[in-house]
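Report on the following structure.
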Amino acid sequence: MIRKLTADDRELYISMAEEFYHSDAVLSPVPRSYIEKTVDEALHSDAYAELFLFEHKGEIAGYGLTAKTFSQEAGGFVLWIEEIYIREPFRSKGLGREFFAYIEDHKGENVTRLRLEVEEDNTRAVALYKKLGYKVLDYVQMVKEN
């Protein structure tokens, strides 16, 4: 089951996000304060970020984080699938597919593109995303931290 995060889930989310950011799925950890800002923004409004919890047989199994932007190139809103984290005992139970189906069903008609990033060596995730119709963009991502 996929459901939106509530204020009661705040600490549970923070704990799972810290697990995620200390895993091989990311390049480097982020400070806890960044995770707290994200959960507080998502709880305040869904204008920019939304958080979802994954449940399996009554247990919290993971989470998904999405963010919204507008793109002229895409001709509308882009829903970024920022993070998907499924705890080890719950992997390969269809939760990733369930989350993508949930996103497709609830994204709204103004969203013209779904987008995500993935570490190249995360082969299980890459295989799933390709099966779901995602294609590799030939862009070089660049960032400047402020």
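A few remarks follow.
- Only one entry in V140, V136 is without any contact (Cβ under 8 Å) to a residue 40 or more places away in the chain, open to solvent by 90 Å² or more (accessible area, probe 1.4 Å) and closer than 19 Å to S28 by Cα, namely V140.
- All of A67, A61, A49 fail the test of being among the small types (G, A, S) and over 17 Å from H106 (Cβ atoms), apart from A61.
- H44 under 22 Å from L132 (Cα atoms) and open to solvent by 40 Å² or more (accessible area, probe 1.4 Å): no
- Lone qualifier among A49, A67, A25 - being among the aliphatic types (A, V, I, L, M), surrounded by 14 or more Cβ atoms within 10 Å (Cβ to Cβ) and more than 18 Å from Y134 (Cβ to Cβ): A49
- When T38, T6 are checked against the criterion of being among the polar types (S, T, N, Q) and surrounded by 15 or more Cβ atoms within 10 Å (Cβ to Cβ), T38 stands alone in meeting it.
The values are calculated or read from the model by the stated rules, or taken from the named source; none is laboratory data. In this text, all values refer to a predicted model and were calculated from it rather than measured experimentally. Please note: Cβ atoms are built from the backbone with ideal geometry, for glycine as well, and neighbour counts cover all protein chains shown. The area values use the complete protein model at the heavy-atom level, side chains included, leaving out ligands, DNA and RNA. Shrake-Rupley method; radii C 1.70, N 1.55, O 1.52, S 1.80 Å.
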